[in-house]
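Single-structure report; data block below.
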Amino acid sequence: MSHPASLPADALLAEPVPQAARAAAVWRDRLSLLLDATGEGIYGVDTEGRCSFINPAAARMLGYTPDEVLGRNMHELTHHHHADGAHYPVDDCPIFRAFRAGVPCRIDSEVLWRRDGTPMAVEYTSYPILDAGQVLGAVVTFVDISERKQQEQQLLQAREQLERRVAERTQALSQALAQLRDLQAHLEHVREDERTRIAREIHDELGSLLVGLKMDVSWLEKRVADEPTLRCKCHGMRGLIDNAVENVGRIITDLRPSILDHQGLWATLAWQVQDFIDSGEWQCHWSIDIAPNLPAPDGDQATAIFRIFQEMLSNVARHAQAGEVTIRVRATPGDLTLLVKDDGKGAPPSAFERADAFGVMGMRERAGHHGGWLQITSEPGQGTQVILSMPLERTHQQERAA
């Protein structure tokens, strides 16, 4: 028996060749089975764009048999137009760039065209085939995403419909809010007119009666000078009448301060600050800065500003338990700012958003009706700051002059 070393060298080299061929054939068979079994469309193209292989799933989705596709230019066959029907130049095709420039891509916004001329929305990837740094072609995989695109379109339509309904509802709510604000402003106007009328009637009627009653008591007191008991009684009645006159004056001022109608808003704000200082024991730092020759607003806006300022100071007096208060009034052409700040007990921000915070709600509505806004900053134990900013409307005098 001969020793293996005695065999010719060619015989030793020739033995592995059939084995390598069998291995390559096995892998080709397995790759073919894999391509046939997958549900994704897969095909390959050479450097001319011609189909070099295609799996049954890809051919079936395109409406062809594999034999009808092999050797044909895949761009001209399936990728020749955009979804809107516009021509798709081959130089712009990402699939062709994969093997011409060696650039891989992943696209989900295009279509492939079936044999029957209908478009198919696809998501595809294209990768170059490289051998020793040389591009030999490209492998393309794609899946039909028509159903997904349809669902996305339905979702988009539903979203647009929802946004349209929200916009319509928002517009309706805005209109309702504007109408409600106009109604609130009208009610405030009617209320102020009624307050003015009642204050005038109290001043004219009750004030006159009290003055007449005081004169009669004084006349009677002189007639009973020799009757100490009656004279003392008349003196006490006159004191009661003086108290009544003072209370009537206070009620009239609370209903409608006459200074607002006779001296204007700036003087009224200064009077309100002084009245606030006199009514409490807190330390007050205040300033009123009005631009020179700036006419004070009148009419409903002047009333709204005064009532908001009155409510700001009233809240400090009733709720703040403050020891120090800062008040700033600043007016420039076209803009007014009121600031009231205290070092009192404060409150959480949610307290000013409650449904029963009618005072805050009323101030915001008055400000909003005239294009202004109200900002409240407060924390428990850190005091409260309220700022009103409002654009100044032209006064009646300015309008008449214009």
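Checked against (1) in a helix (DSSP H, G or I); (2) touching a residue at least 12 places away in the same chain (Cβ under 8 Å), residue 141 passes all but condition (1). Looking across the range 237-285, the residues that are part of a loop (DSSP other than H, G, I, E, B) and in contact with a Ser or Thr (Cβ under 9 Å, 6 or more places away or on another chain) come down to 256, 257. Checked against (1) more than 24 Å from residue 34 (Cα to Cα); (2) without any contact (Cβ under 8 Å) to a residue 40 or more places away in the chain; (3) surrounded by 14 or more Cβ atoms within 10 Å (Cβ to Cβ), residue 69 passes all but a single condition, namely (1). Scanning the range 262-297 for residues that are of a type in the set (Asp, Glu) and within 14 Å of residue 312 (Cβ to Cβ) gives a single hit, 275.
Selection of the range 89-106 for residues being under 20 Å from residue 77 (Cβ atoms) and surrounded by 14 or more Cβ atoms within 10 Å (Cβ to Cβ) yields 90, 93, 94, 95, 96, 97, 98, 99, 100, 105. Does residue 347 satisfy the criteria of being in a helix (DSSP H, G or I), modelled with pLDDT of 90 or more and under 29 Å from the mean Cα position of the chain (by Cα)? When the stated conditions are applied, residue 347 does not pass them.
Here the range 63-118 is the region considered, the condition is being aromatic (Phe, Trp, Tyr) and within 50 Å of the chain's Cα centre (by Cα), and the residue that is nearest to residue 143 (Cα to Cα) is 113.
Give the residues of the range 220-236 that are assigned to a helix (DSSP H, G or I) and farther than 24 Å from residue 249 by Cα, sorted by residue number.
First, the residues of the range 220-236 that are assigned to a helix (DSSP H, G or I): 220-223, 228-236.
Within the range 220-236, 220, 221, 222, 223, 228, 229, 230, 231, 232, 233 meet the criteria.
Scanning the range 63-107 for residues that are part of a helix (DSSP H, G or I) and either within 18 Å of residue 129 (Cα to Cα) or touching a Ser or Thr at 6+ places or on another chain (Cβ under 6 Å) (or both) turns up 74, 75, 94, 95, 96, 97, 98, 99, 100. So which of 194, 147 ends up being under 49 Å from the mean Cα position of the chain (by Cα), outside any strand (DSSP E or B) and within 30 Å of residue 307 (Cα to Cα)? So the residue among 194, 147 that is under 49 Å from the mean Cα position of the chain (by Cα), outside any strand (DSSP E or B) and within 30 Å of residue 307 (Cα to Cα) is 194. Take residue 59 and decide whether it is part of a strand (DSSP E or B), among the hydrophobic types (A, V, I, L, M, F, W, C) and over 30 Å from residue 133 (Cβ atoms). No; evaluated as a whole, the condition is false for this residue.
The values are calculated or read from the model by the stated rules, or taken from the named source; none is laboratory data. Quick caveat: nothing in here was measured; it's all calculated off a predicted structure. Note that each Cβ is placed from the backbone with ideal geometry, even for glycine, and that neighbours are counted across all protein chains shown.
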